[in-house]
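Working notes, structure below.
The values are calculated or read from the model by the stated rules, or taken from the named source; none is laboratory data. Just so we're clear, the structure is a prediction, and the values are computed from it rather than from any experiment. Glycine gets a Cβ as well: all are built from the backbone with ideal geometry, and neighbour counts include every protein chain shown. With ligands, DNA and RNA removed, areas are computed over all heavy atoms of the protein, side chains included. Shrake-Rupley method; radii C 1.70, N 1.55, O 1.52, S 1.80 Å.
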Amino acid sequence: MPSKDIKMNDSLNLQNNLSLSNRSKAFDWRNYIVYIAFLGVIIYFSITLHDDGFLTTSNLLNIARQTAMISIMGVAMTFVISTGEIDLSVGSITALASLTAALALQAGLGLFGGIAAGLGTGLVIGIINGLLITKVAIPSFLVTLGMMGIVRGLAMWITDTAPVPIVHSTFNFLFGSGDIGSIPMLLIWTLIITVIGHIVLKKTAFGRQTLATGGNEMAAKFTGVKTAKIKFLVFAGSGLMAGFAGMLYAGRMHAGRYTFGEGDELSVIAAVILGGTSLFGGVGTVIGTVIGSLMIGTINNGLIIMGLDVSQQMIVKGLIIILAVAFGRKTLKK
């Protein structure tokens, strides 16, 4: 009998140790590095820039406004990168979408005409990207790199590089310059898109299939996932959200411009990777992406208040991208 009791106790101890081991494996501080880093950035600037108004409500809301477009494009880019692909055309799409929306409003097509033009521009380009990647089997890097130049050129050509003013007050209010109470519409749109993106990625079959496609495409195919369809849809969604971001740029600036979105593709990718999405696919987090976007925006804002010029800000942004990719590789190896 004692030997049975000893064996039973040993078995229970082994089960407890395994349970503790599993729980310790489940909690990995590296998964929360962006949140820790973001908190550290806030604390640092709060101390060093306390007398310069960094923590004022107006400045914090300004950061939310400045990062809204990056955050919204980042939500869609999270799906793209989660499949193991990349979209370099998003910045150029914002410029063209801002102009098509402005031209539609200028032509008297009204609010819904402007919205349809902006979103439609992004969706069409996203669909073309998706078809070239899934049907013609051209790598996404090359397709979207080429599309980045084509779309930026179109944005310059259709208006001969001239801005197109938007005087439609409702459009400007809804998509950029309006506030509900003290809350900017840009922040409201960011929250709405973030919640939708998080639910779709984490709670739906489409989200699981997106992660499966990036994690192991061949295995996903064997389990019945239509990986080509998933990739097509995420690129269409990326184009759509870039078009939406273009409308937000236009509404905030009361004009469409071919210069909108220049360099945004790098900021978006940095936010996604910094937020915890693996550059190699299979792992994605929408909330992490938005936190990554806010962190980059906060750093830029703090550097501006400190008096650093644009060139120095570019150096810091480049370092952030390198560190983000480095953390992504380290997490993948673990």
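Quantify, in whole percent, the carbon and sulfur part of the accessible surface of the chain (1.4 Å probe; protein heavy atoms only).
Numbers: 11170 of 16350 Å².
Whole-percent figure for carbon plus sulfur exposure: 68.
Let me know the shape class of region 93-201, please: from the alpha-carbon gyration tensor, a ≥ b ≥ c as square roots of the eigenvalues, rounded when a/c is under 1.5, otherwise prolate if a/b is greater than b/c, or oblate.
Working: a/c = 2.41, a/b = 1.28, b/c = 1.89.
Cα axes put region 93-201 in the oblate bin.
Using the heavy atoms of the protein chains alone and a 1.4 angstrom probe, what is the accessible area of region 65-139 per residue in square angstrom?
Working: 2270 Å² over 75 residues.
Using a 1.4 Å probe on heavy atoms only, each residue of region 65-139 averages 30 Å².
Sorted by mean Cβ packing within 10 Å, highest first, what order do the peptides 267-273, 120-126 take?
Numbers: 267-273: 28.9, 120-126: 24.7.
Listed from highest to lowest mean packing, they are 267-273, 120-126.
Determine, for each peptide in 275-287, 298-310, the mean count of other beta carbons within 10 angstrom over its residues, then list the peptides with the highest first.
Details: 275-287: 22.7, 298-310: 15.5.
Taking the mean over residues of other Cβ atoms within 10 Å, the ranking is 275-287, 298-310.
For every other residue with a beta carbon closer than 15 angstrom to the beta carbon of residue 172, add +1 if it is Lys or Arg and -1 if Asp or Glu, then tell me the sum.
Numbers: positive: 65, 252, 257; negative: 179.
My count for the surroundings of residue 172 gives +2.
How tilted is helix 2-26 with respect to the longest principal axis of the chain? Cα atoms for both, answer in degrees (0 to 90, nearest 10).
10 degrees
Could you tell me which of rounded, prolate or oblate describes region 248-325, using a ≥ b ≥ c as the square roots of the eigenvalues of the alpha-carbon gyration tensor, with rounded for a/c under 1.5 and, failing that, prolate when a/b is larger than b/c and oblate otherwise? It would help to have the intermediate numbers written out before the result.
Numbers: a/c = 1.98, a/b = 1.27, b/c = 1.56.
Judged from the Cα gyration tensor, region 248-325 comes out oblate (a/c at least 1.5, b/c at or above a/b).
Search the structure for amide H atoms under 5 Å from the amide H of residue 255, placed 1.01 Å from N in the peptide plane, and list their residues when 5 or more places away or on another chain.
166
Ranking request for peptides 152-160, 210-218: highest mean number of other beta-carbon atoms within 10 Å first, then the rest in descending order.
Top of the packing list down: 210-218, 152-160.
Angle between the Cα long axis of helix 140-158 and the longest principal axis of the chain, 0 to 90 degrees, nearest 10?
20 degrees
Quick one: how many lysine pairs in the chain have C-alpha atoms under 12 angstrom apart, if they're 8 or more apart or on different chains?
Eligible lysine pairs with Cα atoms under 12 Å apart amount to 4.
How far apart, in nm, are the 7 Å Cα→Cβ label points at residue 124 and residue 36?
About 4.8 nm separates the two model spin labels.
Could you tally the net charge around residue 87, taking each other residue with its Cβ under 15 Å from the Cβ of residue 87, Lys/Arg +1 and Asp/Glu -1? Don't skip to the end; give the middle numbers.
Working: positive: 152, 231; negative: 85, 264, 265.
With Lys, Arg at +1 and Asp, Glu at -1, the net is -1.
How large is ³J(HN,Hα) for each residue in region 167-182, as worked out from phi by the Karplus curve 6.51 cos²θ - 1.76 cosθ + 1.60 (θ = phi - 60°), to whole Hz, x for Gly and Pro?
10, 6, 5, 5, 4, 4, 5, 5, 10, x, 9, x, 9, 9, x, 9
Using only Cα atoms and rounding to the nearest 10 degrees, what angle (0 to 90) does helix 310-333 make with the longest principal axis of the chain?
Tilt relative to the chain: about 30 degrees.
Please give the net charge around residue 158, taking every other residue with its beta carbon less than 15 angstrom from that of residue 158, where Lys and Arg add +1 and Asp and Glu add -1. Write out the running numbers ahead of the final one.
Values: positive: 152, 257; negative: 160.
So the surrounding residues net to +1.
What's the whole-number percent of alpha carbon pairs in the chain lying beyond 28 angstrom?
On the way: 25247 of 55611 pairs.
Of all Cα-Cα distances in the chain, 45 percent exceed 28 Å.
222 nm [θ] for the chain, helices only, -39500 (n - 2.57) per DSSP H run of 4+, per residue, to 500? Mind showing how you got there, number by number?
Details: 14 runs with 251 residues, N = 334.
One gets -25500 deg cm²/dmol as the mean residue ellipticity at 222 nm.
Just want to confirm a number: the relative contact order over region 61-211, from Cα pairs under 8 angstrom separated by 6+ residues, in percent.
Details: 142 pairs, mean separation 47.4, N = 151.
Reported as a whole number, the value is 31 percent.
Let me check against my output: what whole-number percent is the relative contact order of the chain, with C-alpha pairs under 8 Å and at least 6 apart?
On the way: 565 pairs, mean separation 102.0, N = 334.
So the answer I get is 31 percent.
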